[in-house]
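A short write-up of the structure that comes next.
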Amino acid sequence: MDAENPKQVYEDLKSQIRYHNYRYYVLDDPVVSDFEYDQMLKQLEKIEAQHPDWVTPDSPSQRAGAEPQDKFEKVVHPVPILSLANAYDPQGLRDWFDRISKLDERVGKTEFTIEPKLDGLTVVLRYDNGVFTQGATRGNGVIGEDITANLRTINVLPLRIPVQPGGPAVPEVLYVRGEALIYKSDFENLNQLLEEAGEKTYLNPRNTAAGSLRQLDPRITAQRPLKLLVYAIVAHRNGEIPTSQWETLEYLRALGFPVAASSRRVATLEDAIQICMETDPGQFAYELDGMVIKLNDLALSADLGVVGKDPRGAIAYKFPAEVVSTKLVDIGVNVGRTGVLTPYAILDPVEIRGAVIKQATLHNFDYIAETDIRVGDRVMVKRAGEVIPYIIGPVVDARDGTEKPYVPPPVCPSCGEPVVNPPDEVAYYCVNSSCPAQLVRNLEHFVSQGAMDIVGLGINTVQQLVDAGLLTDLADLYHLSKNQLLKLEGFKEKKAENLIASIEASKSQPLARLINALGIRGVGEVAAQDLAARYHDLDALSQASAEEIEAIGGFGPSIAENITEWFASPDNQAMLAKLRASGVWPTAEEKTAGGPRPLDGLTFVITGTLPSLSRAEAKNLIETNGGKVTGSVSARTSYLLLGEDPGSKFDKARQLGVPMLSEADLQQLIKDKAQ
């Protein structure tokens, strides 16, 4: 080490660590031990502690990100980030090839690449002179979200493309497209850790990856095992790039980007089709839902152009839904938060698309009777993508006489009270409001993100609190103490303090959130918003008649009756009294009589997934400020509110020239017009 030039020592050390990150995360071929790597990182952190002014955003020590941002900024992509058309069988692929062959005779002479269709979050990365400067989500294909700080936490993402003697040149500006994802093994480990910590687990790797990259605090993103695979150059300036897709993949790999090792180059479409048919998605380390076939000649692809949102030069082959057979060992019953009993199949474990399936849904008791499913049957199980596995029906010819017809339970499996099946209804109900299973599910809903949003209360923690006798109704949450929590397994000082603080913070949630949280049958986020707009507080709502509620648009007699019956319950009234005494009694804001509102006279249509607002919350925000929300785009539409992955409304709005707004634009519009 050169003691006379410590700054050079520091820069050399950063280069070494970047190199070892590349060997470990991209090539899976480390050349130093974990211990040696840790020692280098500690040395780097020691130098940075002595010279904090040397630290730059691309330092390996800064992978945990920066301080939280107030919101994500908009990023306009250099070119549209397009989707792909789908084919579901070999004939669909051949039809695609026939169509484009008629447009250009060169199609019949080109090679193809075939690549995995990654099931993650599309990201667009910008490099200036080889340095990563910006990363964005695909968004609506034209405008994305700036998630640069979060992307910096992904270890496999090159923060700086090294210039190597004899290596490929890097354009002055380079945009590449890739997919952020979580490997299946990492996802399972993450869920196991969350479950052991009593936290809510995630449903699938794709949504977990997408949610992780949309965190406002990059340090939270850094705790998720995110990976990245890159597969295309979106745009460039002042430099040369490959002219074929296969060379592009090789070029990206040479620059240090992680590229799917399973990508192939083939001579004919039939070769590509054969690979699609032979590919087993269960053998991949990550989730994929198909294969992508691309013309290798990028100039030809560009000349073929786009149809709708899809480039003609590529197509996605989607894997068919998987169906297998196994033995139905038993039928279990879950009790939901509204008392509905739901049957589920307990199966001999069977593997479907790389996942071991032990349970599957049976929909309802009528479905079991109609399809004559019996305990002991060999049944057909279907799992398509991330859809919950379900039972198609029995294999009748496999019966040997030992199978037993199923009879719905006469009593609740949780509390033992009688079960009722109202006339003209499919559902069976437990009507015991003190049923332990209902209490747990009601509490799970009460604390959920769309309701009171109490962070740190997953289903396992809720179950733990109920089992300990600390919660007998929803209002008991607001009587929990730190000392009570510390007596429970898994609770330390910090965790207990955080939970108590989160419960206290929930007292400020608006009236609509509380109405939704109560778990009244048929009253979700949208209905809760409508009720909060009509009634000042829960007192006013509890005194409303069924006829009065039914007069509100969208409320039928069944939901109106559910609401009045819920408030008529002595147990519920006692619980509401406890909520009021605890300070949980929000009131709706009074509307200014006759006064103008910012969005008066404007009509909006909403499409896609917004960064922070649900569809119901966005609708309520617009309507509260005087605007109108409709379901279809027309020439009379004032604005299209655009979220990620928009549907056909985006195309229609573009055809009609309807102005488009992001969520941030909408907030700014309201602010500007209110002044």
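The values are calculated or read from the model by the stated rules, or taken from the named source; none is laboratory data. Note that the structure is a prediction, hence the values are computed from the model and not measured. Note: ideal-geometry Cβ built from the backbone for every residue, glycine included; neighbour counts use all protein chains shown.
Here are a few things to note about the model shown:
- Verdict on E172 being surrounded by fewer than 16 Cβ atoms within 10 Å (Cβ to Cβ), closer than 19 Å to P78 by Cβ and assigned by TED's automatic domain parsing to the domain that holds P258: yes
- Subset of the stretch 239-286 [part of a loop (DSSP other than H, G, I, E, B) and under 17 Å from L93 (Cβ atoms)]: A267, T268, T279
- Flag: Q192 does not match the condition of being in contact with a helix residue (DSSP H, G or I) (Cβ under 7 Å, 6 or more places away or on another chain) and either more than 28 Å from T110 (Cα to Cα) or in a loop (DSSP other than H, G, I, E, B) (or both).
- Residue match in the stretch 141-149 (condition: under 21 Å from Q215 (Cβ atoms), of a type in the set (A, V, I, L, M, F, W, C) and surrounded by fewer than 21 Cβ atoms within 10 Å (Cβ to Cβ)): yes
- Within the stretch 239-254, the set of residues being within 19 Å of I293 (Cβ to Cβ) and either surrounded by fewer than 16 Cβ atoms within 10 Å (Cβ to Cβ) or charged (D, E, K, R) (or both) comprises P242, T243, E247, E250.
- Assessment of the stretch 133-140 against the conditions (touching a Lys or Arg at 6+ places or on another chain (Cβ under 6 Å) and either not hydrophobic (A, V, I, L, M, F, W, C) or not in a loop (DSSP other than H, G, I, E, B) (or both)) yields at least one matching residue.
- Scanning the stretch 82-103 for residues that are buried (at least 17 other Cβ atoms within 10 Å of the Cβ), at pLDDT 90 or above and of a type outside the set (V, I, T) yields a total of 3.
- Subset of the stretch 141-155 (residues that are in a loop (DSSP other than H, G, I, E, B) and within 19 Å of R224 (Cβ to Cβ)): I147, R152, T153, I154, N155
- Tally of residues being more than 11 Å from E115 (Cβ to Cβ) and under 26 Å from the mean Cα position of the chain (by Cα) across the stretch 280-307: 9
- Residues (touching a helix residue (DSSP H, G or I) at 6+ places or on another chain (Cβ under 8 Å), in a helix (DSSP H, G or I) and among the hydrophobic types (A, V, I, L, M, F, W, C)) located in the stretch 638-675: L666, I670
- Residue in the stretch 310-321 that is under 30 Å from N442 (Cβ atoms), surrounded by fewer than 19 Cβ atoms within 10 Å (Cβ to Cβ) and either among the polar types (S, T, N, Q) or touching a residue at least 60 places away in the same chain (Cβ under 8 Å) (or both) present: no
- Inspection of the stretch 180-194 finds a residue satisfying the criterion of being among the β-branched types (V, I, T), farther than 30 Å from R312 by Cβ, buried (at least 22 other Cβ atoms within 10 Å of the Cβ) and modelled with pLDDT of 90 or more.
- Criterion applied to V75, V79 was being outside any helix (DSSP H, G or I), at pLDDT 90 or above and closer than 29 Å to R214 by Cα, and the one residue passing it is V79.
- Meets criteria (of a type in the set (D, E, K, R) and closer than 30 Å to W96 by Cβ) for D128: no
- For the stretch 567-585, a residue qualifies if it is touching a Lys or Arg at 6+ places or on another chain (Cβ under 8 Å) and surrounded by fewer than 18 Cβ atoms within 10 Å (Cβ to Cβ), and the qualifying residues are S582, G583.
- Taking the listed residues G647, G631, the one that is modelled with pLDDT under 80, more than 30 Å from Q215 (Cβ to Cβ) and either over 24 Å from the mean Cα position of the chain (by Cα) or not assigned by TED's automatic domain parsing to the domain that holds R534 (or both) is G631, with no other qualifying.
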